[in-house]
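Notes follow once the structure below has been shown.
The values are calculated or read from the model by the stated rules, or taken from the named source; none is laboratory data. Please read these numbers as outputs of a predicted model, since none were measured by experiment. Every residue, glycine among them, receives a Cβ derived from its backbone with ideal geometry; neighbour counts consider all protein chains shown. Only protein heavy atoms, including side chains, enter the accessible area calculation; ligands, DNA and RNA are left aside. Shrake-Rupley method; radii C 1.70, N 1.55, O 1.52, S 1.80 Å.
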Amino acid sequence: MSAASRRGILSRSVLRVWCVLVGLLLVLPTLVVVPISFSDRRSLMLPRGFSLQWYVNFFQDPQWYGAALLTLRVGVVVAVIATALGTMAAMALHSALGQWRGPARAFLMAPMIVPGVITAIGIFYVALKTGLTQSYWGFVLAHTVLAIPFVVVTVTASLAGFDGQLVKAAASLGAGPVSAFRKVMLPLIAPGVVTGALFAFLTSFDEAIVSIFLSGPFAQTLPVKIYASVTQTFDPTVAAASTLLLTVTTVVLILFGVLSVVRERR
Amino acid sequence: MTTNYGVGVELRGLTKRYGDVTALDGIDLTIAPGEFMTFLGPSGSGKTTTLNLIAGFVEPDAGHIVVGDRQLVGVPPHRRNIGVVFQNYALFPHLRVEDNVAFPLRERRMKKADVTRKVGEILEVVGLSHLARRSPRELSGGQQQRVALARALVFDPQLLLLDEPLGALDKRLREDLQLEIKRIHNEVGVTFVFVTHDQEEALVMSNRIAVFNNGALEQVATSSELYERPRTLFAAQFLGDSNVLRGPLQRRGDRLVLQSGTLSVEVPGHGGADPAVNEAALVVRPEKMRVRPHGHAVSPTDNSLVADVVDVIYLGGRRRLVLEGAGQKFLVDEMAPEEQYAHGDRVVLSWRIDAGILVDVHPGGSTPSADAPPSLERATL
Ligand SMILES: Nc1ncnc2c1ncn2[C@@H]1O[C@H](COP(=O)(O)OP(=O)(O)OP(=O)(O)O)[C@@H](O)[C@H]1O
Ligand SMILES: [Mg+2]
């Protein structure tokens, strides 16, 4: 074996170890909640024995499972609305608008760039005026605003690889605009649309800042409830809740990974 | 395959501007039912723009488009019932070959059994029945273009537009498909409008050729007419090789003479040719010229000059001589060479006066002549 290739292998294994270390650094603090959630002790400490009591508690306390349900219901509807609006916006940015394209894109992206607290204050003000605080639709609307940029980004990426001639071809073959979109464009940009939907769901699902402003005793999302619980009590149910949140997020991310592998294959 | 008869196409004063660029400047063109019409012209001359206007992908700024008896301006493309074949095939990558071809039929809500039958028939015509279940990306370029042809023909359009459909293929395949497309044209009887910027392709394919230049039509004629009687210098030079002599025209007695540098040549006495033109051009095709040894007698019906052989090129069946005389360069093609010549030989170059073609020098200019299309009243919008 030559010196060069030996050096290659060496540097590659160093690189691998380094990646694992960085990965652990990123993930470990988060994973701490997992063992605590199975703890048999009554405070937020590492367990001595195994117990499911905090999960039982989570699903028996309406405050907890109510928050979880609300979060899911909001997340799913946000994913649907943000995907529809974001896809349309991306298509408009892709095909038309001329000199307005740049400003329009910046405007749509703003919620991603403006500091969360500032967005939150704005949304809170509007929600107060319109009576949307502590309401289901208040959460949905606020989260939709935050989720749209993610859909615009992923769908725009898909559209970049889409051959516009196909729409012309479809039209020449007798397909009206709606039919051409449904049968030709949508199937081909589907990966971007689905990815956008997953991101939109995640954005809503773990959103905390705006939700803290919009929440109250009658309506809390899971991240807000977790925050409140940690700051006010030592109840390890919060660890169970966090683990559940983590699981859902991970599952969605794995879905996303599977999707991109499928896309590569095609 | 049901043979349906193609429809005629009428373009009147068709104009399209993009900002300051006039892509198409008031085109008038009549295409006969069932005709194979080729649009030939350099890049940016407006060929694609014209097709896009007929297909309805863009709307004109002025003018009329009539296909069959339908006025099409303002009709969206999906209601025009015109087949289009694109240069890069534009097959739907997520659909199999048979579903690509079935697409226009399903859009028309045709019965399942009929769809299957028609798709089968048209795939037979283009010779791809065995590949029906493949995905487009599993096909070669030539096969993909056949699928595109089948898809554009399966719904029995009365007009088929093809925008450089063979541009992305290599030479051999292109020649095969040229013949294939001609055969299909004969078989289905649909009117074809075929865009190319390859003059040879235009000659192989068409009934008539429309020569585009700079957003206008230079000449519309059959291939042979275009070759033997081009009306403008542009048309003459775009189709085939030519020897061009430029200069002022003069009338000397009953003869018309063109003065090009030190050379003065007689031009055919075109009935109405205007001798006051201060710049005209005489075109002589290389195979109409004759080379003989120096000192050879010349007939009074010929133009002639003394020239030197610069180069001799063998081109398969013919021989091309490159000559220089009177400060100009000449190309001469000989089908059956009688003498051997070499570089430096002095020769007599001649051509029959009536083999010369007097053409208009100015691009886009129109010399009224017998073969001009009947002028129709230009409709105003
Ligand atoms: N969408 C457009 N926006 C602006 N200008 C355009 C557009 N489409 C065409 N043009 C202009 O119109 C003119 C004619 O273009 P067209 O595409 O019809 O040429 P063409 O004859 O098809 O050329 P080619 O052989 O290169 O395909 C060109 O000057 C081109 O730049
Ligand atoms: Mg073109």
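What to note about this one:
- For the stretch A:157-212, filtered to residues that are assigned to a loop (DSSP other than H, G, I, E, B) and buried (at least 20 other Cβ atoms within 10 Å of the Cβ), the residue that is farthest from the other protein chains (Cβ to nearest Cβ) is A:Glu207.
One line per residue, one yes/no per condition, for (1) open to solvent by less than 10 Å² (accessible area, probe 1.4 Å); (2) closer than 30 Å to B:Val126 by Cβ; (3) within 15 Å of ligand 1 (Cβ to nearest atom):
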site: B:Leu14; (1), (2), (3): yes, no, yes
site: B:Thr30; (1), (2), (3): no, yes, no
site: B:Pro33; (1), (2), (3): no, yes, no
site: B:Ile54; (1), (2), (3): yes, yes, yes
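- Search result, residues across the stretch B:100-151 that are open to solvent by 50 Å² or more (accessible area, probe 1.4 Å) and within 14 Å of chain A (Cβ to nearest Cβ): B:Arg106, B:Arg108, B:Arg109, B:Met110, B:Arg137, B:Glu138
- Subset of the stretch B:159-175 (residues that are touching a helix residue (DSSP H, G or I) at 6+ places or on another chain (Cβ under 7 Å) and open to solvent by 10 Å² or more (accessible area, probe 1.4 Å)): B:Asp163, B:Ala168, B:Leu169, B:Leu173
- Residue match in the stretch B:69-78 (condition: more than 16 Å from ligand 2 (Cβ to nearest atom), more than 14 Å from chain A (Cβ to nearest Cβ), open to solvent by less than 50 Å² (accessible area, probe 1.4 Å) and at positive phi): no
- Among the residues of the stretch B:160-183, at least one is among the hydrophobic types (A, V, I, L, M, F, W, C), under 15 Å from the mean Cα position of the chain (by Cα) and more than 14 Å from every other protein chain (Cβ to nearest Cβ).
For (1) of a type in the set (A, V, I, L, M); (2) in contact with a Lys or Arg (Cβ under 8 Å, 6 or more places away or on another chain), each residue gets a yes or a no:
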{"position": "B:Met37", "(1), (2)": "yes, yes"}
{"position": "B:Pro42", "(1), (2)": "no, no"}
{"position": "B:Gly74", "(1), (2)": "no, no"}
{"position": "B:Ile82", "(1), (2)": "yes, no"}
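- The one condition in (1) within 13 Å of chain A (Cβ to nearest Cβ); (2) touching a helix residue (DSSP H, G or I) at 6+ places or on another chain (Cβ under 6 Å) that B:Asp156 fails to fulfil: (2)
- When A:Arg12 is tested against the conditions (1) in contact (Cβ under 8 Å) with a residue 24 or more places away in the chain; (2) over 22 Å from A:Ser229 (Cβ atoms); (3) among the basic types (Lys, Arg), the lone failure is (1).
- Residues that are free of Cβ contacts under 8 Å to residues at least 60 places away in the same chain and more than 16 Å from ligand 2 (Cβ to nearest atom), drawn from the stretch B:33-68: B:Gly56, B:Glu59, B:Pro60, B:Asp61, B:Ile65, B:Val66
- One residue alone among B:Thr116, B:Thr38, B:Thr30, B:Thr48 is within 16 Å of A:Ala169 (Cβ to Cβ) and in the same structural domain as B:Leu139 (by the TED database), and that residue is B:Thr48.
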